[in-house]
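Derivation of every value follows stated rules applied to the coordinates shown; laboratory data play no part. Since the structure is predicted, the reported quantities are computational estimates derived from the model, not experimental observations. For neighbour counting, all protein chains shown are included, and Cβ atoms are generated from backbone atoms with ideal geometry for every residue, glycine included.
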Amino acid sequence: MLTLSFESLCLKDDDYPSPTQQQGTKDEFDTDLESDEKEESNKEMSISEVYLQACKLLGVVPVSYFIRNLDSTTMTLSHHGLGPLGCKALAIALVADMHINTLELADNHIQAEGAKYLVEMLRANFTMQHLDVSNNYLQSAGAECMAKVLLDNISLKSIKLSGNGFSDDDAKYFADVLSSNSRIKELDLSHNEFCGKGGEHLGQLLANNEGLEVLDLSWNHLRMKGAVAFSAGLKVNMMLKHLDLSWNGFGNEGALAMGEALKFNNTLVHLNLNNNRLTNEGVGMLCRGLEFNDTLRVLLLAYNSLTVEGALALVNVVKNTPRTALEEINICNVLVNETFVHLLEVTCQEHPGLDVQFGGVGGFIAKKPPKRVDPMKVIQDYLDQRKLRLWDFFRNIDKDGTMRVPVADFRKAVQQSSIPLDRYQIEELIQRLDRDRTGMVDYRGLADTRKQMMRDHRRQLRKVESRQKKEKQKSDRILKTFQSAVEAVTPRSSMVISPGGVRDDSSGPQPFSATPLSSWHHIVMSNSSRYSVSNLSNEHIHLPMLGGTTPYRPTSSPAMRSYSQPNLLDDSPRSAPGKSVSAQGMRSDPEMGHSKLSHTANQLTRSRPALDAKQPVVKARTKKVKKKKTTKHLDKDSKSQTVK
């Protein structure tokens, strides 16, 4: 086992030379015996002695807790203010330690410099399994050091890197390293600054990693594209069981992508989406994925903008999905109503293990008051149903034919008719028709009011259509981005050879193209014409041409001839000289007469003539026809001469 000597670690910095090093500079001719004695004395030193001497050399105060608990397998040194030099002294002592397997160094301000010393220590220490360096201001340089730890060390199983100010570019370090490291089972990257680009790198991490089971990404900024890209990696992940995405601001866009991922992911057991700006619409999108998922057991959705409608959607998914594995749903801030409680009771009878945590009873479904219909629209619908004109309606009121009626007569006529208008709507209509308070309603004002109503109605319809179109375009754009991200993060291990990548090029070897498994179905369908069955009754199968041979196409069946491909001799393999290939795949001589061809062959030749063999025959026939016409003309001339 590779071990690092005491001097190699404690004497790396030139700023803190040791007394032995200073003495060594004075006398450059030490004997080998003296060096051997020093090595033996170092080996005999205990870990506490090594630590105390390292602290003395580096000028730091020893931590008494470390010395008192050397016999414990868990060393908790959080909030001790070690700093980079204190971390260095600790690393020197732990190089040869074979007992401690858990080291907690949270909130010690070790920075990137201290992380470098941990890297050196963990290259030699193979008993450390759990490491916590949260809240230590590692920044980008520290992220690179921690990535080296994950690359070199073979014993670590979990590492906590929360609150270290990592940015989007730092996520790439972990994505690259963990794509080949399958020993890490737990990773905590919470309270960092991962955004859109970081979500793409973390999605790549999930897609390529084959060992990570617990991932904490809470308190980051995975929104919009970052959330979609991360969900794409979750779709193809095969190992993750516990995922914490709380306090990220996923939004409905992320919920849509997460729902798509849950349709295919069959390993995730625990999902935390607390405080992610989800609305009832986002929960509905998430439920579309839950309908196909049969492994998720715990779903946390507390402190989102949910109401009774979202709570009902969640319980309905459990009720309508017999194979669901959901056991716990947390919506502790949502007030529910009596309908929800009744539905939950019915659902729990079918799923006894279901536990739904809600805020209490007293909620209600927020419904907007129905918008009052335009009274002019009601009148127009009434007239359209009876196929009447507006003039007919007004003429029945205007008995004198002056095209003006008093307001009282207009009100009385509308009330006595069967038009479904209440008193308030009638008064509203009269107020619009008699704006000047003249006490009269004229036909021109009524017609103008109808025109304005129709314009307003068309404008409202356009607004609704535009809003629906924008929502659909937004959903399609998110799904398209999700599919693109899935293709981008698809691991190489799930790549297969695609038959569509082969090109007909005889100049050299055929390069095969790698295609994700998810696209295999589309490749087979797109290339199905090359392997299609033409006529199942005759059991003839068309296969692609191999080498330089010409495929045989039987001509006994008319159905086969009707589905056969045209004979393109310019592109077909070379045949023997003096021979030609007919449209039926037969081999015929140019000298063969027209009478030797069968009737069915003639029909096929007329419907689809060959490009090379048949055209000369057609020209010859046309010449013969012209000769016959000339001979007939000569016979007529000769007869006329004899008659004369």
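In units of the rule-of-thumb radius 2.2 N^0.38 Å, region 204-318 shows an alpha carbon radius of gyration of 0.96. In this rough spin-label picture, where each label sits 7 Å from Cα along the Cβ direction, the R288-R395 distance is 5.5 nm.
Scattering from region 375-459 was approximated by placing one identical point on each alpha carbon and applying the Debye formula without solvent; log10 I(q)/I(0) at 0.11 1/Å stands at -0.27.
Computed from label points 7 Å out along Cα-Cβ, the spacing between S140 and H342 is 6.1 nm.
Orientation-averaged projection of region 262-410 equals 14.7 nm² [convex hull of Cα atoms, one quarter of hull surface area].
Which of K88/K160; K88/K197; K197/K474 have a Cα-Cα distance over 24 Å? Present the calculation step by step, with values, prior to reporting the outcome.
Working: K88/K160 19 Å; K88/K197 34 Å; K197/K474 20 Å.
Cα-Cα > 24 Å for K88/K197; rest within.
Under a 5 Å amide H cut-off, with hydrogens placed 1.01 Å from N, M440 pairs with V407 among residues at least 5 apart or on other chains.
Annotation: amide H of V356 within the under-5 Å range of I329, sequence separation 5 or more or interchain, hydrogens built in the peptide plane.
How would M121, M403 line up from fewest to most surrounding beta-carbon atoms within 10 angstrom? Intermediate results must be reported in sequence, preceding the final value.
Numbers: M121 25, M403 14.
Ranked by crowding around the Cβ, least crowded first: M403, M121.
Start at zero, step by 10 Å, and the Cα-Cα distances of region 247-310 spread as 25, 57, 18 percent across the bins.
Computed over the Cα atoms of region 74-361, pair by distinct pair, the Kirkwood hydrodynamic radius stands at 19.8 angstrom.
Around the amide H of V336, modelled in the peptide plane, lie the amide H atoms of G359, G360, V361, G362, G363, all under 5 Å away and 5 or more residues distant in sequence or on another chain.
Give me the base-10 log of I(q)/I(0) for region 324-448 at each q in 0.17 Å⁻¹, Debye formula, one uniform scatterer per Cα, rounded to two decimals. Taking Cα atoms of region 324-448 as identical point scatterers yields -0.87. In region 66-184, the ratio of gyration radius to Kirkwood radius, Rg to Rh, stands at 0.94 when only Cα atoms are counted. Across region 439-447, computed HN-Hα scalar couplings (Karplus, 6.51 cos²θ - 1.76 cosθ + 1.60, θ = phi - 60°) run x, 10, 10, 9, 5, 4, x, 5, 5 Hz from first to last residue, x flagging Gly and Pro. For region 56-61, 3J(HN,Hα) computed residue by residue from phi via the Karplus equation (6.51, -1.76, 1.60; θ = phi - 60°) reads 5, 5, 8, x, 10, 7 Hz, glycine and proline entered as x.
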